[in-house]
Amino acid sequence: MSSRSILTISQLTAEIKTLLERKFDPVWVEGEISNLRLPGSGHLYFTLKDDNAQIRAVMFRLQNRLLKFDPKNGLQVIGYGRVTLYEPRGDYQLILDYLEPKGLGALQLAFEQLKEKLAAEGLFDPGRKRPIPHLPQKIGIVTSPTGAAIRDILRIIDRRFANVQVILYPVRVQGQEAAREIAQGIQALNELPDIEVMIVGRGGGSLEDLWAFNEEIVARAVFSSRIPVISAVGHEVDFTIADFVADLRASTPSAAAELVVRNKIELAQNLSSLERALRQSFRGFLDLQRERFLSLQERLADPRRRLADQRIRLDELSVRLAHSLRQGLRRQRDRFRLHQGSLLILSPARRLEEYFQSLAQVSRRLAVSIQKEIRISRQKIEGVMGKLFTLNPLAVLERGYSIARVLPSHEIVRRAEDLKVNSRVNVRVHRGEFTARVEEISPETKGDS
């Protein structure tokens, strides 16, 4: 018994863990994600499986924060990490340092995932996109101060309309901090007054080079901008998330400058053309009005003759009006007198006086009737009160009678035979009551009823 080597579970598990970690160098594995969990710690816990087996996997927060895509259940991935054993449960597992989707690159998958998410939220809605100002006087630009994009934009603006004011917010356009700086630049230009339009972009490059413009923080900054935004990232074939959110996409930074600033020579030519068209139109309008004036002049009669006729007509109407007014006044006066006589006959003053007299008579009769009823009621009440007083058993007590009750039942004593010697009796007299004890009971006398 003493020769046996007995291991505790902890010792056995520790040895197995050591063997696993020594046996296997870091490995590449391929499988499907399932049972994905992301607790508050920020670590990723999931299972990698194929048709015949499965293994637990964990990716700690420091590694998974560098992921460009969102792991999801059912996604085929390729991972790199080391095999180990989790001693408290005795489970062997993979601790992954790297993870990428199988077949589709991580950046491309992240692009599609973010595009789908923001589209569902309405950030790409064409109805919210604003028009670009026709002739802006102040333009904001968010880009690298040393790149080819800013040189192309400034060169084209200077050539097309040199007196436009340009405000540059310098940022890095690639690298880990680029997205944050670009979003800060968009927000900062929104706080400046009088900026009418903003260009956000950079020159061409790979998907990795342009990735800052595919970050969610940049997309939401463009969406929140009160200033219309032109996205100018890369070349004609390059599309970024910022392009979909912006109010207008330009194929290149140079194209953005051409879209936002009109050519000064073209504007001058357009103004000259409009001026010529306006002059020609105005001359045609004057010729038409002159012809109409001449035509009306020929049709117009001598106004002095019409004025004389109108004076005569006015005199006639004045006479007729005066006559009509006098007749109307006479008729109204006659009607007034007729109604005045009728009103005197039907005057309410006389009827009111009669009503007041009748009311006084009725009031007097009512007062007499009320006094009579009061006397009769008082007499009835006094008679009833006398009867009540006569019938009140307590009134008899004033004449020297009393009421006896057997204790403790308080039943009224009506016959002496209802009592017993030594019974306690409560006796009520006219003023107060007292308790007595029966010492002797006399039989019924002959005259008692």
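The values are calculated or read from the model by the stated rules, or taken from the named source; none is laboratory data. The model shown is predicted, which means the values in this text are computed figures rather than measured ones. Using ideal geometry, Cβ is built from the backbone for each residue, glycine included, and neighbour counts are taken over all protein chains shown.
Per-structure values
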{"quantity": "Residues located in the stretch 1-56, provided they are under 15 Å from residue 83 (Cβ atoms), outside any strand (DSSP E or B) and β-branched (Val, Ile, Thr)", "calculated": "13, 16, 18"}
{"quantity": "Hits in the stretch 218-251 (condition: modelled with pLDDT of 90 or more, hydroxyl-bearing (Ser, Thr, Tyr) and either farther than 21 Å from residue 175 by Cβ or surrounded by fewer than 18 Cβ atoms within 10 Å (Cβ to Cβ) (or both))", "calculated": "224, 225"}
{"quantity": "Considering residues of the stretch 257-278 that are surrounded by 11 or more Cβ atoms within 10 Å (Cβ to Cβ) and hydrophobic (A, V, I, L, M, F, W, C) only, the residue modelled with the highest pLDDT", "calculated": "257"}
{"quantity": "Residue match in the stretch 98-119 (condition: small (Gly, Ala, Ser) and at pLDDT 85 or above)", "calculated": "yes"}
{"quantity": "Failed item in (1) touching a Pro at 6+ places or on another chain (Cβ under 8 Å); (2) hydrophobic (A, V, I, L, M, F, W, C); (3) not assigned by TED's automatic domain parsing to the domain that holds residue 46, with residue 77 passing the rest", "calculated": "(3)"}
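Quick grid of which residues meet (1) assigned by TED's automatic domain parsing to the domain that holds residue 243; (2) surrounded by 15 or more Cβ atoms within 10 Å (Cβ to Cβ); (3) out of contact with any Gly (no Cβ under 7 Å at 6 or more places or on another chain):
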| position | (1), (2), (3) |
| --- | --- |
| 142 | yes, yes, no |
| 158 | yes, no, yes |
| 169 | yes, yes, no |
| 186 | yes, yes, yes |
| 205 | yes, yes, no |
